[in-house]
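K.L.:
After the structure tokens below, expect a handful of questions from me.
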Amino acid sequence: MVRVVFAGGGTGGHVFPAIAIAERLAAAGEVDMIFVGTKSKIEARVVPELGYKFRSIWIGGFSRRLKPSNFLLPAKIMVSIFQSLRLLLAFKPQVVVGTGGYVSGPVCAAAVFTRTPILLQEHNSYPGAMTRMFAPFAREVHIAFESSRKYFVRKTPFGHPPNLFVTGSPLRKMTKVSRNDGIRFFGLEDSKKTIFVTGGSLGAVRVNDAVSNVVDDLTKHDCQLIWQTGSLDFAKVSEIGDRYPGKIRVLEFIEQIDYAYSAADVAVCRGGATTVAEIVYFSLPALIVPYPYAPANHQVENARALVEAGGAIMVQESEPIEKFKGELLGLIEDSSRVSVMRDRLKSLQHRDAAEVIAASVLKLAGAHE
């Protein structure tokens with residue numbers, strides 16, 4: 001029996017890659033897995049729902065604002081490392097897989113102390129702090145973008161940089177259906193240009209506002225929208241959708257998101273790592289509005305990787321709405337440009353990243369037995 005601990009959480013961008021790898025490991029044979037996270041974040045809900053074991057540790061991030069919780073951070077670090085050590089000594093995993101977020105730090109630190117092999121997965125273009133910190137101690141580091149390579153030049157305790165692999169981003173199993181099947185799934189028309197608007201699983205108020213400001217122009221250009229709003233804006237955007245019956249499909253959250261990607265000609269979205277990976281997977285040209293307050297500006301870096309490859313356009317929140325409207329209308333009116341962007345995105349695709357990483361986990365586990 002192979003035993004694996006997954007450490008990563010705080011956001012879906014850290015949790016879902018771990019789940020994708022776990023799916024492939026479960027399919028490969030007898031693997032016992034435990035996910036480590038915090039009680040208050042997305043992993044505490046999603047991981048148990050999928051039937052995986054979950055353990056929580058007492059850890060939190062550092063806020064740039066002056067908050068009382070910042071003063072507890074040193075105590076949280078010590079306690080969470082002790083909790084992680086206790087877990088590893090009891091469970092005796094052959095591999096610890098770190099997928100980022102502050103929760104991965106204590107577990108990776110415990111893995112260093114117990115000499116448990118570490119595999120790190122990073123799917124932001126600019127690697128997170130925990131990935132950069134523990135890369136020198138990792139047996140393997142898997143990145144999504146070639147442009148991330150320059151951040152891993154530090155030598156390991158053994159005198160050489162970590163084994164680095166550009167594998168792409170692990171995604172949960174998704175289905176590429178035909179465009180017509182996707183369109184029919186949402187009750188829309190085959191003949192119209194279709195825009196998929198998403199701010200990620202939680203929604204994005206500023207993205208919703210930007211699209212709301214140009215929705216009249218989009219419908220005049222014979223466009224239809226699949227619009228995932230998130231919970232905060234669902235009621236407001238639903239009122240807009242009611243004004244355009246049959247042209248705008250408004251949903252708070254889309255479970256079958258692969259149908260939305262398959263139906264769309266263009267996406268309007270944030271620059272989170274999971275969203276960017278899905279855009280690449282479905283070869284869907286996008287106008288990306290990165291969240292400007294993401295740590296280390298990583299959403300801008302993620303978007304820039306696609307822009308430089310010729311598969312996306314980036315518009316900052318701070319830029320005028322006229323810029324957003326002009327770029328979006330220009331994109332939907334230029335079919336040849338959209339076709340070229342699709343081809344450029346295809347060039348970024350890798351083999352099934354989750355499958356490749358799962359195979360590496362099993363290889364490390366076998367070497368550690």
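The values are calculated or read from the model by the stated rules, or taken from the named source; none is laboratory data. Just so we're clear, the structure is a prediction, and the values are computed from it rather than from any experiment. Methodologically, a virtual Cβ is constructed for each residue, glycine included, from the backbone with ideal geometry; neighbour enumeration extends over all protein chains shown.
K.L.:
Under the condition of being at pLDDT 85 or above and surrounded by fewer than 14 Cβ atoms within 10 Å (Cβ to Cβ), which residue from segment 73-87 is nearest to residue 6 (Cα to Cα)? Even if it seems obvious, please write down each step before you answer.
P.N.:
Restricting attention to segment 73-87, the residues satisfying the condition of being at pLDDT 85 or above are 77-87.
Checking which are surrounded by fewer than 14 Cβ atoms within 10 Å (Cβ to Cβ) leaves us with 78, 86.
Values: 78: 20, 86: 15 Å.
Here the answer is 86.
K.L.:
Can I ask one more? Just need a number here: residues in segment 229-242 that are part of a loop (DSSP other than H, G, I, E, B) and at pLDDT 90 or above. Spell out how you get there, then give the answer.
P.N.:
At the first step, the residues of segment 229-242 found to be part of a loop (DSSP other than H, G, I, E, B) are 229-233.
Now narrow it down to the ones that are at pLDDT 90 or above: 229, 233.
Qualifying residue count, segment 229-242: 2.
K.L.:
Look through 190, 217 and report the one residue that is surrounded by fewer than 16 Cβ atoms within 10 Å (Cβ to Cβ), in the same structural domain as residue 237 (by TED's automatic domain parsing), in contact with a helix residue (DSSP H, G or I) (Cβ under 7 Å, 6 or more places away or on another chain) and outside any loop (DSSP other than H, G, I, E, B).
P.N.:
Just one listed residue meets the conditions, 217.
K.L.:
Which residues, taken from segment 1-46, are closer than 15 Å to residue 355 by Cβ and free of Cβ contacts under 8 Å to residues at least 12 places away in the same chain?
P.N.:
Matches in segment 1-46: 26, 27.
K.L.:
Counting just the residues of segment 104-122 that are under 16 Å from the mean Cα position of the chain (by Cα) and not polar (S, T, N, Q), which one comes out surrounded by the fewest Cβ atoms within 10 Å (Cβ to Cβ)?
P.N.:
So, considering only residues that are under 16 Å from the mean Cα position of the chain (by Cα) and not polar (S, T, N, Q), the one surrounded by the fewest Cβ atoms within 10 Å (Cβ to Cβ) is 122.
K.L.:
While we're on this one: With modelled with pLDDT of 95 or more and either closer than 29 Å to residue 305 by Cβ or assigned by TED's automatic domain parsing to the domain that holds residue 284 (or both) as the only criterion, which of 263, 204 stands out?
P.N.:
On the way: 204 fails: modelled with pLDDT of 95 or more.
That would be 263, the only listed residue that is modelled with pLDDT of 95 or more and either closer than 29 Å to residue 305 by Cβ or assigned by TED's automatic domain parsing to the domain that holds residue 284 (or both).
K.L.:
Of (1) at pLDDT 95 or above; (2) more than 26 Å from the chain's Cα centre (by Cα); (3) not in a helix (DSSP H, G or I), residue 226 satisfies all except one. Which?
P.N.:
Checking residue 226 against (1) at pLDDT 95 or above; (2) more than 26 Å from the chain's Cα centre (by Cα); (3) not in a helix (DSSP H, G or I), the one that fails is (2).
Here is a yes/no grid of residues against (1) closer than 17 Å to residue 2 by Cα; (2) part of a strand (DSSP E or B); (3) among the β-branched types (Val, Ile, Thr); (4) modelled with pLDDT of 95 or more:
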position	(1), (2), (3), (4)
93	yes, no, no, yes
102	no, no, no, no
111	yes, no, no, yes
127	no, no, no, no
131	no, no, yes, no
134	no, no, no, no
142	no, yes, no, yes
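K.L.:
Okay, next question. Among the listed residues 44, 26, 7, 22, identify the single one that is assigned to a helix (DSSP H, G or I), buried (at least 24 other Cβ atoms within 10 Å of the Cβ) and modelled with pLDDT of 85 or more.
P.N.:
22
K.L.:
May I ask you to list the residues in segment 105-129 that are over 14 Å from residue 93 (Cβ atoms) and not aromatic (Phe, Trp, Tyr)?
P.N.:
105, 106, 109, 120, 121, 122, 123, 124, 125, 127, 128, 129
K.L.:
Continuing with the same structure: On the given criteria, is residue 125 loosely packed, with under 14 Cβ neighbours inside 10 Å, touching a residue at least 12 places away in the same chain (Cβ under 8 Å) and closer than 30 Å to residue 263 by Cβ?
P.N.:
Answer is no for this residue.
K.L.:
Considering (1) of a type in the set (A, V, I, L, M); (2) outside any helix (DSSP H, G or I); (3) in the same structural domain as residue 309 (by TED's automatic domain parsing); (4) without any contact (Cβ under 8 Å) to a residue 40 or more places away in the chain, say which one residue 197 fails and leave the rest.
P.N.:
The single condition residue 197 does not satisfy is (4).
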